[in-house]
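**Student:** Attaching a single structure in C-alpha cells format; questions to follow.
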Amino acid sequence: MSAVHYESYTEARTHLKALLDAAERGRVATVRRESRTTAFVDQERLRHFLAAVTPSRAEIVAEGGGWSVFIPDLPVAADGATVDEALSEMIVALREYAEDWQDRLLDAPNHSANWGLVQLISLSDDNQLREWLVATGR
C-alpha cells in the first residue's frame, strides 16, 4: 500500500478503513475538502515527532524553600514543595493552557505559534509530559 489520497470527504468516508490503516502504518494519508488538504497521522507517531522537535526548555529552580518550574516565553509556571510536586503542578498548568488555547488563544498572535506544543500536551499522558519536561540535550 502506498500513500492514499481522497479528493472529497465523501470518497474518504467510503474508504475510511484504508485511510486509517495508511495513517496507522505511517504512510501519507490525506483528504481534500474544498481548497484544503488534511493529513491523517497516527497519534503516537505525531506525539513522538512533536516531542523530538519541541524541546521543553523547562527550567526548574529552587525558590523560597520549594521549587518552581517555568518555560521561558510561555505563560505557564508551577510551584511545589519538592521538584516532583512542582512538575506535577506544571503538568496541570500545561493542560490548562492547552485547554485555554483550544477555547480562545489559538488565533491570538502571541499564542498561535504554540500549535505544536498544544498538540504535544494533548496527545501525551502525564508520564510522557513529565519525561518531556525534564529531558535534556534535545
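**Student:** Looking at ARG36, is it assigned by TED's automatic domain parsing to the domain that holds SER122, over 28 Å from ASN127 (Cβ atoms) and either surrounded by fewer than 13 Cβ atoms within 10 Å (Cβ to Cβ) or aliphatic (A, V, I, L, M) (or both)?
**Tutor:** The answer is no for ARG36.
**Student:** Taking the condition out of contact with any Phe, Trp or Tyr (no Cβ under 9 Å at 6 or more places or on another chain) and more than 24 Å from GLN119 (Cβ to Cβ), does GLY80 pass?
**Tutor:** So GLY80 does not fit the description; no.
**Student:** I've got another one for you. Tell me, yes or no, whether region 14-24 has at least one residue that is polar (S, T, N, Q) and either under 20 Å from GLN119 (Cβ atoms) or in contact with a Lys or Arg (Cβ under 9 Å, 6 or more places away or on another chain) (or both).
**Tutor:** Within region 14-24 (the criterion being polar (S, T, N, Q) and either under 20 Å from GLN119 (Cβ atoms) or in contact with a Lys or Arg (Cβ under 9 Å, 6 or more places away or on another chain) (or both)), the answer is no, since none of the residues qualifies.
**Student:** Let me ask you something else. Report, by residue number, each residue of region 40-84 that is acidic (Asp, Glu) and closer than 30 Å to HIS5 by Cβ.
**Tutor:** Passing the criteria: ASP42, GLU44.
**Student:** Have a look at ASP84, ASP21, ASP73 and point out the one that is out of contact with any helix residue (DSSP H, G or I) (no Cβ under 7 Å at 6 or more places or on another chain) and at positive phi.
**Tutor:** ASP73
The values are calculated or read from the model by the stated rules, or taken from the named source; none is laboratory data. If you're wondering where the values come from, they're calculated on a predicted model, not measured in any experiment. Please note: Cβ atoms are built from the backbone with ideal geometry, for glycine as well, and neighbour counts cover all protein chains shown.
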